[in-house]
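S.K.: Please read through the structure below; I'll follow up with questions.
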Amino acid sequence: MTTTAPIPSTEDLAHRQLKTFFEQTRTLPQLLATLRSRRVAMGYQIEGGEEETSLSGRRLYQPKGPLAFVSEHAVVPLTEVEEAIVAWSACGPNGMAHWDIASTGGFHELVGIAGRTAAAPGNSFATDLLVIKDEGAFIYNPGSERERMVEIQGEEDYHKILDWYRTGMHKIMDGRPDIDWALRVPGAPNASLFGPYQYNVNRPGTTWFIPITDHGWLYFSVMLNIFDAWHIYLTDDKTGEPAGTGAWVGEGQLEFPITISQFEQFIFQVETYPPGSMVQNMRLAAESMGLGNWIFCGFFDDVLMGAFPDLARGLGFQHEPLNERAPAVSGALKTFGMKGVKEATYIPSEKYPDARTIVTAMVEEKYGTGRTMSKGEDNWMLAHGGPFTADTVRALVNSPQVRVSDWAVEACVAYFDYCVQTYGQCPVYFNPMQCNFGAVVHHVDPLFYEMYYDGSSVTPAIRQHMDSWH
């Protein structure tokens with residue numbers, strides 16, 4: 001008499017895979033030694049000389065060349081566990097941040113203290129993860145709720161990766177956006193909008209992870225700190241004069257001038273660092289599981305977000321009419337996003353019609369009921385038991401040094417009003433919603449790398465992935 005081994009449940013399999021990820025993958029030095037992009041996956045082709053038709057009905061074709069390859073396999077979509085691990089590695093919860101800086105050293109830049117796997121300026125949650133796959137487009141944002149200083153402390157916590165994925169994926173559209181390698185503007189048949197290198201972009205069965213950032217949130221939140229702790233003020237590029245803040249220029253308040261364009265370049269620059277960290281985290285997670293990663297930028301993200309619906313609907317985001325008063329074309333477009341899921345911060349907008357509205361909201365985010373620097377027992381840190389001890393929290397929030405000065409609040413209102421009155425908007429020089437760097441994570445087709453390379457870059461984890469994970 002023979003017996004059949006019981007078939008493990010889906011949840012049992014998921015737990016085994018999560019345990020493998022946390023306990024049995026290679027060390028960081030070993031991953032770094034083999035880490036590289038692998039663009040060719042099961043179901044892909046490059047310069048194969050075979051014509052295809054995209055989901056949007058466009059002709060896809062590359063002439064046959066010396067790297068001709070047409071995979072013999074179908075695309076193998078990522079499993080729920082694989083997607084959950086990649087998403088968590090990008091910006092998933094991992095506990096609480098330290099915020100270990102002097103209370104007199106600009107401490108009040110702090111808004112939230114919940115931690116993520118990738119750091120951000122001011123611990124901002126301005127960047128979430130856009131996930132595009134066959135089922136639709138989603139925003140991954142598991143929120144700011146935390147149970148303890150370090151969330152995952154052992155095997156009993158591994159399930160949180162899937163829990164956060166299941167509760168943190170917010171659908172913004174059904175199916176895939178109508179973009180592909182062949183998308184062109186009429187009259188410019190050779191001008192690539194999504195990069196001449198990205199032939200397999202948005203191919204059915206693939207998962208495309210793109211950090212998506214509201215650059216405007218940090219802009220308005222940190223300005224309170226820039227004025228009050230840095231003592232820097234902004235001048236109009238055209239006039240050289242203080243941009244609405246002349247009344248506060250002097251020792252002890254606003255002392256050092258930079259131009260609006262310099263400051264906005266700084267804000268834009270620093271909010272590009274989190275997407276870079278997130279993409280690197282995703283690469284390492286993929287490498288550890290034996291998955292391929294294909295990272296790229298260099299596409300028109302405003303087209304992806306749907307700013308030109310006559311060309312492509314894209315993600316169908318809401319956009320403002322082009323602002324003719326913007327001093328540079330780079331700032332003429334303002335992408336609002338998707339209401340209630342992913343919204344950009346700027347004025348004037350429906351949510352923030354004027355400067356006073358947005359400054360009040362930014363102050364409330366710091367000091368309001370249930371917030372990180374609330375003086376009451378409702379304080380987020382007291383309610384969550386960390387990261388500071390209870391006595392330390394009370395000492396911090398009652399210290400005058402962690403309160404934004406009244407004059408800095410008024411100076412911010414004056415500056416933002418000036419930008420709107422002079423240029424019709426704030427920020428002035430850029431679109432606050434950006435999503436121009438991401439990764440496709442997929443199942444590598446080793447045959448391509450064996451045909452055209454020596455095969456040594458195909459790791460055992462890649463060769464064994466289908467048996468180990470599927």
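S.K.: Can you spot a residue in the stretch 74-95 that is under 23 Å from the mean Cα position of the chain (by Cα), open to solvent by less than 40 Å² (accessible area, probe 1.4 Å) and at positive phi?
M.R.: Within the stretch 74-95, one or more residues are under 23 Å from the mean Cα position of the chain (by Cα), open to solvent by less than 40 Å² (accessible area, probe 1.4 Å) and at positive phi.
S.K.: For the list (1) under 26 Å from Leu67 (Cβ atoms); (2) assigned to a loop (DSSP other than H, G, I, E, B); (3) touching a residue at least 24 places away in the same chain (Cβ under 8 Å), I need the number of the one condition that Phe209 fails.
M.R.: Unmet for Phe209, out of (1) under 26 Å from Leu67 (Cβ atoms); (2) assigned to a loop (DSSP other than H, G, I, E, B); (3) touching a residue at least 24 places away in the same chain (Cβ under 8 Å): (2).
S.K.: Looking at the stretch 407-470, what helices (runs of 4 or more DSSP H) fall wholly within it and have at least 2 residues that are modelled with pLDDT of 95 or more and either touching a strand residue (DSSP E or B) at 6+ places or on another chain (Cβ under 6 Å) or open to solvent by 20 Å² or more (accessible area, probe 1.4 Å) (or both)?
M.R.: The helices (runs of 4 or more DSSP H) meeting that bar are 446-452, 460-463.
S.K.: For Glu364, only one of the following conditions fails: (1) free of Cβ contacts under 8 Å to residues at least 40 places away in the same chain; (2) touching a helix residue (DSSP H, G or I) at 6+ places or on another chain (Cβ under 9 Å). What is its number?
M.R.: (2)
S.K.: List the pairs whose first member sits in the stretch 374-398 and is surrounded by 13 or more Cβ atoms within 10 Å (Cβ to Cβ), whose second member is at pLDDT below 95 and among the aromatic types (Phe, Trp, Tyr), and whose Cβ atoms are under 8 Å apart, counting only residues at least 6 apart or on separate chains?
M.R.: So the pair list comes out as Pro387/Trp99; Leu396/Phe107.
S.K.: Would the stretch 232-250 turn up any residue that is open to solvent by 30 Å² or more (accessible area, probe 1.4 Å) and polar (S, T, N, Q)?
M.R.: Yes, the stretch 232-250 contains a residue that is open to solvent by 30 Å² or more (accessible area, probe 1.4 Å) and polar (S, T, N, Q).
S.K.: Considering each of Thr213, Thr167, Thr127, Thr207 in turn, give the residue that is surrounded by fewer than 21 Cβ atoms within 10 Å (Cβ to Cβ) and more than 30 Å from Thr53 (Cα to Cα).
M.R.: None of the other options fit; the residue is Thr167.
S.K.: Filter the stretch 120-149 for residues that are touching a Leu at 6+ places or on another chain (Cβ under 8 Å), of a type in the set (Ser, Thr, Tyr) and either outside any loop (DSSP other than H, G, I, E, B) or without any contact (Cβ under 8 Å) to a residue 40 or more places away in the chain (or both) and give the result.
M.R.: If the condition is that a residue be touching a Leu at 6+ places or on another chain (Cβ under 8 Å), of a type in the set (Ser, Thr, Tyr) and either outside any loop (DSSP other than H, G, I, E, B) or without any contact (Cβ under 8 Å) to a residue 40 or more places away in the chain (or both), then Tyr140 is the only one that fits.
S.K.: Tell me yes or no: at least one residue of the stretch 258-271 is within 24 Å of Pro177 (Cβ to Cβ) and open to solvent by less than 10 Å² (accessible area, probe 1.4 Å).
M.R.: Yes, the conditions are met somewhere in the stretch 258-271.
S.K.: Of all residues in the stretch 272-300, which are open to solvent by 20 Å² or more (accessible area, probe 1.4 Å) and touching a residue at least 12 places away in the same chain (Cβ under 8 Å)?
M.R.: Within the stretch 272-300, Thr272, Tyr273, Gly276, Ser277, Asn281, Arg283, Leu284, Ile295, Cys297, Gly298, Phe300 qualify.
The values are calculated or read from the model by the stated rules, or taken from the named source; none is laboratory data. As the structure is a prediction and not an experimental result, all values here were calculated from the model. Because the Cβ atoms are built from the backbone with ideal geometry, glycine has one as well, and the counts that use them run over all protein chains shown. With ligands, DNA and RNA removed, areas are computed over all heavy atoms of the protein, side chains included. Shrake-Rupley method; radii C 1.70, N 1.55, O 1.52, S 1.80 Å.
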